[in-house]
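Peer 1: Have a look at the structure that comes next, please.
The values are calculated or read from the model by the stated rules, or taken from the named source; none is laboratory data. Bear in mind that the values here come from a model prediction, so they are computed numbers and not experimental data. Heads up, the Cβs are rebuilt from the backbone with ideal geometry, glycines too, and the neighbour counts pull from every protein chain shown.
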Amino acid sequence: MRFLNAGDSALVVEFGNEISEGINREIKFVTDALDRAKLPGVEDLTPTYRSILVCFDPLRISAGDIIAFVNGILKGASASGVSGGEVIEIPVYYGGETGPDLDFISEHTGLSREEVIRLHTSVEYLIYMIGFTPGFPYLGGMPKELTTPRLQKPRMLIPAGSVGIAAGQTGIYSVESPGGWQLLGRTPVKIFDSRREQPFLLSAGGYLKFVSISKEEYDEIEKIEAAGVYQPKRYAKQGVK
């Protein structure tokens, strides 16, 4: 682990040089500890694949104070026994107009449409980080059999909720935006909504599981979500050793 100054009011706590569940577990452990501590002067915490950006007010707290606190956290406890966290289920309607690239993914991988959906919904994906657009989750753990290249020509506008694959990654477009991922479905659930008290549905260090639904179920959930009362299913994930 190393500490890097990012100007005079931010500090990068770097945990390694690779993307791994072990490093992500340490990042979540320290991020949660910093969040609970409410250190005067610490203004924002941004966890990434392999580091945490700590933004602070240098008139209230120094980088040295933060470094000492983080070292104390890691010296006094271990992230190895941290709970596996929470899994949130995200319903997805696969194919049709909402998943225009499902056939291409099927042809490219040599899998049937049903096999693509079965594999895509078989994993509890680790949410490594949130970024790119507000609420966009970077997920780890997609089955290698689903690896599919990006579009040669990105789309100018992709609807919010679209679920896509790009190379060995899968994710959800949180807002309408351009993009080059292959789209295999869409969720009616808003994973980002600036009008909510908590705008972000997902958080780094948690887990996500896609669940296949019918068009009728999609339409029904969309109505409930529009009314602001939809509650996705959640359950505890077993601890990680």
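Peer 1: Condition test on Gly161, is it touching a residue at least 24 places away in the same chain (Cβ under 8 Å), under 19 Å from the mean Cα position of the chain (by Cα) and under 18 Å from Asp103 (Cα atoms)?
Peer 2: no
Peer 1: Gly168 passes all but one of (1) small (Gly, Ala, Ser); (2) in contact with a Ser or Thr (Cβ under 9 Å, 6 or more places away or on another chain); (3) within 26 Å of Gln198 (Cβ to Cβ); which number fails?
Peer 2: For Gly168, the exception is condition (3).
Peer 1: Another question, then. Any residue at all in the range 120-134 that's surrounded by 14 or more Cβ atoms within 10 Å (Cβ to Cβ), at pLDDT 95 or above and over 30 Å from Leu34 (Cβ atoms)?
Peer 2: yes
Peer 1: Is at least one residue of the range 214-228 assigned to a loop (DSSP other than H, G, I, E, B) and surrounded by 14 or more Cβ atoms within 10 Å (Cβ to Cβ)?
Peer 2: No, because not a single residue in the range 214-228 is assigned to a loop (DSSP other than H, G, I, E, B) and surrounded by 14 or more Cβ atoms within 10 Å (Cβ to Cβ).
Peer 1: Return only the number of the condition from (1) modelled with pLDDT of 95 or more; (2) surrounded by 15 or more Cβ atoms within 10 Å (Cβ to Cβ) that Pro58 does not satisfy.
Peer 2: In the conditions (1) modelled with pLDDT of 95 or more; (2) surrounded by 15 or more Cβ atoms within 10 Å (Cβ to Cβ), Pro58 misses (2) alone.
Peer 1: Could you list, in sequence order, the residues of the range 2-48 that are of a type in the set (Ser, Thr, Tyr) and part of a helix (DSSP H, G or I)?
Peer 2: Thr31
Peer 1: Of the residues that sit in the range 210-241 and are farther than 23 Å from His120 by Cα and among the β-branched types (Val, Ile, Thr), which one is modelled with the lowest pLDDT?
Peer 2: Only one residue tops the list, namely Val229.
Peer 1: Would you check which residues across the range 168-182 are at pLDDT below 95, part of a strand (DSSP E or B) and loosely packed, with under 14 Cβ neighbours inside 10 Å and list them?
Peer 2: None; the set is empty.
Peer 1: Restricting to strands (runs of 3 or more DSSP E) lying wholly in the range 49-160: which have 1 or more residues that are closer than 23 Å to Lys209 by Cβ and out of contact with any helix residue (DSSP H, G or I) (no Cβ under 6 Å at 6 or more places or on another chain)?
Peer 2: Numbers: elements: 51-56, 86-94, 125-130, 137-140, 155-158.
So the answer is 86-94, 125-130, 137-140, 155-158.
Peer 1: Take the conditions without any contact (Cβ under 8 Å) to a residue 24 or more places away in the chain and under 17 Å from Ser174 (Cβ atoms) and apply them to Leu139. Does it pass?
Peer 2: So Leu139 does not fit the description; no.
Peer 1: Moving to a separate point now. Any residue at all in the range 100-108 that is more than 26 Å from the chain's Cα centre (by Cα) and modelled with pLDDT of 95 or more?
Peer 2: Looking through the range 100-108, at least one residue is more than 26 Å from the chain's Cα centre (by Cα) and modelled with pLDDT of 95 or more.
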